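The values are calculated or read from the model by the stated rules, or taken from the named source; none is laboratory data. Given the structure is predicted, the values throughout are model-derived calculations rather than measurements. Every residue, glycine among them, receives a Cβ derived from its backbone with ideal geometry; neighbour counts consider all protein chains shown. Accessible surface is based on the protein model in full, side chains and every heavy atom, while ligands, DNA and RNA are left aside. Shrake-Rupley method; radii C 1.70, N 1.55, O 1.52, S 1.80 Å.
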Amino acid sequence: MGYVKVVKTSPYFSRFQVKYRRRREGKTDYRARLRLVKQDKNKYNSHKYRMVVRFSKKDITCQIVYATIAGDVCVCAAYSHELPKYGLSVGLTNYAAGYATGLLLARRVLTKFGLADTYKGCQEVDGEDYHVEEEDDAPRPFYCLLDTGLKRTSTGSKVFSALKGALDGGLDIPHNEKRFVGYEASEKALDAEVLRRYIFGGHVQEYMETMEEEEPEKYQSHFARYVEAGIEPDSIEDLFVSVHEKIRADPSHTKKERTVPAEKKNWNQIKSTYAERKERLKAKLEALAEANEDEDEEEESDE
C-alpha cells in the first residue's frame, strides 16, 4: 500500500466551527437573510419589515415580521385556513388562495396601522402590475420586502401570488412583473389576462371542465370537496370575487372563544400525602406479618 497523505489533521478538527443550527437543519438561508435583515446605521433602530410567505401541504402562511437581536417579531399574520370565514372552503393552497391570503394580510396590517382608508390598493383586479402611489399630506405607504425562504423563485411560482395579493391590497413591496404567471420571456411582456385568470381560479375551472367531460368518474373523486360544497366550474370566478369583497369589508382577525374544561386533565401521577404514605406502609407491614404467621403455622403442621 502506498503512502496516504492525511488531508484533515487533528488541528483541523480541533478548530472546526459548526454552522448555525437552522443551517444544519436546512431551514434558513443566512446569506439571503442577512441582506433582508441588515439595516442602515443612519436609520438607527427603525424596523425593517419583511413579508414572509411560506407554503405547506395544507396551508399558506403570510406574515409581516421584523428582526431583533432577541429574535424575529411578528407584527401581523394571515393564513389560508382563515378563508372559509370569507366563503372559500376548498382549494386553500392554490394560486388563487395565495392571492386571497396576501390580500388579507395587506388589508389587515394597513388596518392595524391606520392606513386602510388612505391606501385602498387596486380594487378592480385586471391582472396588470400595480404600484401603490404615495398620497399627499398623508403617511407613506407601508414598505416591506418579500421573504420567500428556501422556495425557488421561478416564474409563475405560487409565492408571487401572495405578493400580487399584497400589492393589490396596498402594500409597497419592491418587485418586478417578470416572475408573475403569464410573463413571456420571449416577448418580454406580461400577459395580464393570464394572470387575472389565475387570480380568479380560471386554471382550476378549466381543469374541472376538462375532467368532467373526459373522466366523469375521476372528477367525482378528484374534486369531491368541490362537489360536496356545491361549487360548479362556472361559479368559481364569482366565488373569488365575493371572497375579495368580503376580505376588504372586514379583514380583522376573530379570536376563537376558549372555554375552561369541566374536568381538569392531569397526566402526571398525583403525589401522595404523608398520611397516605403512612397508611400504605402500615398495610404492607401487616401483610408481611400475616405472611410470616402463615409460614410458621405450615412449618408446625409439617412437624
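Matching residues to (1) modelled with pLDDT of 95 or more; (2) more than 14 Å from the chain's Cα centre (by Cα); (3) part of a loop (DSSP other than H, G, I, E, B); (4) under 30 Å from Met208 (Cα atoms):
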site: Val53; (1), (2), (3), (4): yes, no, no, yes
site: Cys62; (1), (2), (3), (4): yes, no, no, yes
site: Tyr66; (1), (2), (3), (4): yes, yes, no, no
site: Ile69; (1), (2), (3), (4): no, yes, yes, no
site: Ala77; (1), (2), (3), (4): yes, no, no, no
site: Leu83; (1), (2), (3), (4): yes, no, no, yes
site: Ala100; (1), (2), (3), (4): yes, no, no, yes
site: Arg108; (1), (2), (3), (4): yes, yes, no, no
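The residue pairs whose first member lies in the stretch 236-262 and is farther than 22 Å from Cys76 by Cβ, whose second member is assigned to a helix (DSSP H, G or I), and whose beta carbons are closer than 6 Å, counting only pairs six or more residues apart or on different chains, are Ile236/Gln205; Phe240/Ala96.
Residues of the stretch 267-300 that are of a type outside the set (A, V, I, L, M), outside any helix (DSSP H, G or I) and open to solvent by 100 Å² or more (accessible area, probe 1.4 Å): Trp267, Asn268, Gln269, Lys271. Residues in the stretch 244-266 that are assigned to a helix (DSSP H, G or I) and of a type in the set (A, V, I, L, M): Ile247, Ala249. Taken over the stretch 1-38, the residue count meeting the criterion of being farther than 30 Å from Asp147 by Cβ, of a type outside the set (Phe, Trp, Tyr) and in a loop (DSSP other than H, G, I, E, B) is 9.
Just to be sure before I move on: is Leu195 part of a helix (DSSP H, G or I), within 30 Å of Lys27 (Cβ to Cβ) and at pLDDT 95 or above in the structure I sent? For Leu195, the condition - part of a helix (DSSP H, G or I), within 30 Å of Lys27 (Cβ to Cβ) and at pLDDT 95 or above - is not met.
For the stretch 52-84, taking the residues that are open to solvent by 30 Å² or more (accessible area, probe 1.4 Å) and aliphatic (A, V, I, L, M), the one that is nearest to Ala32 (Cα to Cα) is identified as Ala67. Note on the stretch 11-51: among residues that are of a type in the set (A, V, I, L, M) and within 22 Å of the chain's Cα centre (by Cα), the one that is least open to solvent (accessible area, probe 1.4 Å) is Met51.
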